[in-house]
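Below you'll find the structure, written out as structure tokens, and then a few comments.
The values are calculated or read from the model by the stated rules, or taken from the named source; none is laboratory data. What you see is a predicted model, and the numbers here were worked out from it, not measured in a lab. All Cβ positions, glycine included, derive from the backbone under ideal geometry; neighbour counts span all protein chains shown. SASA here: full protein model, heavy atoms, side chains in, ligands and nucleic acids out. Shrake-Rupley method; radii C 1.70, N 1.55, O 1.52, S 1.80 Å.
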Amino acid sequence: MKKDGKDGRFSQILKWVGYLTAIFSLCGTVVGIGKYLYSRAETRKNLAALLATEAEQEKSHDYSSAWQTLERAAKVDSDSSKVRAAQEKLAVAWMDEVYFMESQEYSAVAQRLEPLLSRAAAAAKPGREQADLRARVGWAYFLESRDGTSAVDPTGPFREAVAEDANNPYAEAMWGYSLLWKQCYRIREAASHFAAAISSQREGQFVRRLQLYALLGCNTEEADREVVRVANAMRKGQQTVDDLQRSDILGRYFFELGHVKPESSAFINAVPPAEHVTTFHWLFDSFDASTDGDSPNRVSHLYYLAQLQEAAGQRDEALASYKSLLSRITRTSTFWDASNAAVKRLTH
């Protein structure tokens, strides 16, 4: 009987040991889960903060800082779909803007973004989304080849994008630009690509902006006439021209109309003269409003405008412009003789 009692107590002790072990194990599990949940909460909190910071940096067009922020976010959670989506979105925005930004190493940015864009294009759904991404891959190749860091022909991705999405605005516009880079004799060929991009009825501002940059890089009379046509179309489409482009366009007027020559008529008539007058006002009236009335720019604008008004049959307006010009300049001015002759011509 004593033995049975001892065995019973021993069995009872073992049960309690088992209970305590289970309790300690459960406590350890609970603590582990708690630590895991806390860690995940901290990860989500840190990730959300980094993504918010990146969004503000991207909004401010500080793409380089935004990229670095996303690199930190990827270290916090390498499997985050939100980080991958943010990286793709940033790559697209940066690739679209890089050519219009000052102090940018185009090839360095392109080399950084191209692998991500290529992966995104391969994973994207066929159609517009994939075509848009393929166009950016082609643009990255172009920017690298432009700086001499790659010999990959961008035409392939552009052609693939157009096959996937007819008249894709990014592919066609970027293709048109790449044709004009150091090959300004291909204006007609490039124009067909830009026209296809415009026909897509998507991203018209981007297309026209890139087209103007391409044409303003060409110092030919044919390019100058095309600049007028594009500016006229932008005015009609209620699009905008930035001040740097306005300044470059003004230089074309100086070249074409500063000294009248036989080719000046073709430039004036690149669009119907009356429309040319309206587009000239649209381009440069805001420039004139911010300058002194007798400033060189204001004076030259008035001379170009008077020629356009006369060509458009706006005799009274042209005469008033020439007279106003003569009141602001001296006989030594480049514009004196031509303006004086125009006043006599229009008066009689």
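Helix-only arithmetic for the chain: the sum of -39500 (n - 2.57) across DSSP H runs with n ≥ 4, divided by the residue total, places the mean residue ellipticity at 222 nm at -25500 deg cm²/dmol. Among Asp285, Asp79, Asp132, the largest mean-square fluctuation in a Gaussian network model of the chain (Cα springs under 10 Å) belongs to Asp79.
Sorted by mean Cβ packing within 10 Å, highest first, what order do the peptides 338-348, 214-224, 142-152, 168-178 take? Show your work: numbers first, answer last.
Working: 338-348: 14.7, 214-224: 18.7, 142-152: 17.0, 168-178: 27.4.
Ranking the peptides 338-348, 214-224, 142-152, 168-178 by packing returns 168-178, 214-224, 142-152, 338-348.
Over 27 Å apart at the Cα level, from the set Lys261/Lys344; Lys45/Lys89; Lys125/Lys182; Lys82/Lys125; Lys236/Lys344; Lys89/Lys182, are Lys125/Lys182; Lys236/Lys344; Lys89/Lys182. Arg84 contributes an accessible area of around 120 Å² to the protein surface, as traced by a 1.4 Å probe with all chains present. Our summary gives the chain a relative contact order of 7 percent, counting only alpha carbon pairs under 8 angstrom and 6 or more residues apart. Out of Val137, Leu180, Val152, whose Cα points farthest toward the positive end of the dipole of the range 124-189 (charges: +1 Lys, Arg; -1 Asp, Glu; placed on Cβ)? It is Leu180. One chain, two ends: Thr332 and Ala55. Fully extended at 0.36 nm per residue, the span grows by 94.0 nm beyond their Cα-Cα distance. When we measure straight from the Cα of Lys15, which aspartates and glutamates land under 18 angstrom away, once same-chain ones fewer than 8 places off are left out? Counting by Cα, and skipping residues close in sequence, Lys15 has these aspartates and glutamates nearby: Asp4, Asp7. Between Thr330, Thr279, Thr155, the GNM of the chain built on Cα springs shorter than 10 angstrom shows Thr330 fluctuating the most.
Computing log10 I(q)/I(0) by the Debye sum over Cα atoms at q = 0.09, 0.14 Å⁻¹ directly from the structure and comparing it against (1) -0.51, -1.18; (2) -0.73, -1.15; (3) -0.66, -1.11 singles out (3).
For the residues Gly251, Gly313, Gly204, a GNM of the chain with alpha-carbon springs under 10 Å puts the largest fluctuation on Gly313. Computed from Cα atoms, the angle from the helix 336-347 axis to the main principal axis of the chain rounds to 70 degrees.
Charges at C-beta only: +1 for Lys and Arg, -1 for Asp and Glu. How large is the resulting dipole of the chain about its Cα centre, in Debye rounded to 20?
On the way: 43 positive and 45 negative charges, 348 e Å.
Computed charge dipole of the chain: roughly 1660 debye.
What FRET efficiency do you get for Arg246 and Arg44 if R0 is 41 Å and r is their Cβ-Cβ distance, rounded to the nearest 0.05?
Approximately 0.30, to the nearest 0.05.
If you stretched the chain out fully between Arg186 and Ala93, how much longer would it get, using 0.36 nm times the residue separation minus the C-alpha to C-alpha distance?
Working: separation 93, 0.36 × 93 = 33.48 nm, distance 2.84 nm.
Full extension of this stretch gives 30.6 nm more.
With Rh defined as the Kirkwood radius, the inverse of the mean 1/r over Cα pairs, the Rg/Rh of the range 252-348 is 0.93.
Shown in residue order for the range 77-85 are the 3J(HN,Hα) couplings computed by the Karplus curve 6.51 cos²θ - 1.76 cosθ + 1.60 at θ = phi - 60°: 8, 5, 9, 5, 5, 5, 5, 4, 5 Hz (x for Gly and Pro).
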